[in-house]
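Working notes, structure below.
What follows is calculated from the coordinates using simple rules that are stated; it is not laboratory data. Not measured: the values here are computed from a predicted model. Cβ placement follows ideal geometry from the backbone for every residue including glycine, while neighbour counts extend to all protein chains displayed.
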Amino acid sequence: MINWDDIDTVLLDMDGTLLDLHYDNFFWMSYLPKHYAKFKRIKRWEAWAELEPIMQSNRGTLAWYSLDYWTDKLGIDIPTLKREIAHMIEIRPFVVEFLTGLREHGKTLYLVTNAHNKTLAIKVEHTGIDRWFDRVIVSHDLGLPKEDPEFWHRMRALHPFDPARSLLIDDTESVLTSAKQAGIAHLLTLLQPDSHKDVRSDTLFRGIHHFDEILPGTTL
Ligand SMILES: [Mg+2]
């Protein structure tokens with residue numbers, strides 16, 4: 001599926017790719033609405049009716065990923081709330097083996113995330129996921145989300161990589177689409193970003209279930 005001889009740089013998304021998306025989905029769909037209802041003294045369904053349109057209208061934008069935006073908008077300290085359930089943050093199966101293997105094979109590794117710096121800090125604290133990477137790139141610092149093709153050009157100006165010899169693995173298909181438009185040659189998605197949800201069968205890009213399917217060494 002992947003010919004590792006063709007790849008120098010591996011660009012990896014964090015949430016839903018290296019880490020189980022269940023933590024994020026649980027937080028936004030369940031934990032936050034519950035606390036928002038309590039905070040506003042309204043019913044849970046009323047809280048959801050307020051939150052859902054805000055979430056929909058901002059999806060794929062930097063605001064959506066910004067904990068400061070949500071803290072201001074809702075009047076709730078979102079980073080503190082996220083920390084309350086930080087024990088639920090989990091590294092996906094075979095990620096450690098995969099990242100270790102990539103390093104052993106001399107690949108350059110960039111973590112490329114839309115996660116806000118405060119979210120990244122919580123996740124790094126609980127998983128140490130940054131330890132394998134040459135660089136950690138936060139889209140907020142570049143002023144564009146990964147969903148915008150221009151993001152990849154900006155990123156390349158600051159963090160050089162050859163798009164023709166790079167692989168991006170990301171569970172968000174609009175991100176893969178923008179990367180494709182920016183010329184990144186090798187693209188893969190994840191078939192089950194959230195371990196508590198069904199496996200996806202209708203992805204636009206080739207997908208893997210777990211990283212054991214593409215471990216370098218077994219495919220060289
Ligand atoms: Mg993701």
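Quick look at the values:
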| quantity | calculated |
| --- | --- |
| Lys pairs under 20 Å by Cα in the chain, provided they are eight or more residues apart or on distinct chains | 15 |
| 13 Å cut-off, amide nitrogen to a point 7 angstrom out along His209 Cα→Cβ, residues in segment 77-121 | 93 |
| 15 Å reach of a label modelled at Asp141, 7 Å along Cα-to-Cβ, counting backbone N of segment 93-117 | 109-117 |
| For Glu84, Glu213, order by how many other beta-carbon atoms lie within 10 Å, fewest first | Glu84, Glu213 |
| Extension gain, Met55 back to Trp28 (0.36 nm per residue minus Cα-Cα distance, nm) | 8.8 nm |
| Segment 100-173-segment 21-62 distance, computed between alpha-carbon centres (Å) | 27 Å |
| Top of Glu150, Glu90, Glu52 by mean-square fluctuation, Gaussian network on the chain, Cα under 10 Å | Glu52 |
| Label-point gap, in nm, between Arg41 and Ile91 - each point 7 angstrom along Cα→Cβ | 4.6 nm |
| Farthest toward positive dipole pole in segment 23-142 [+1 Lys/Arg, -1 Asp/Glu at C-beta], among Ala115, Ser66, Leu81 | Leu81 |
| Theoretical gain in end-to-end length, Ala121 to Arg156 [0.36 nm per residue, Cα-Cα removed] | 10.2 nm |
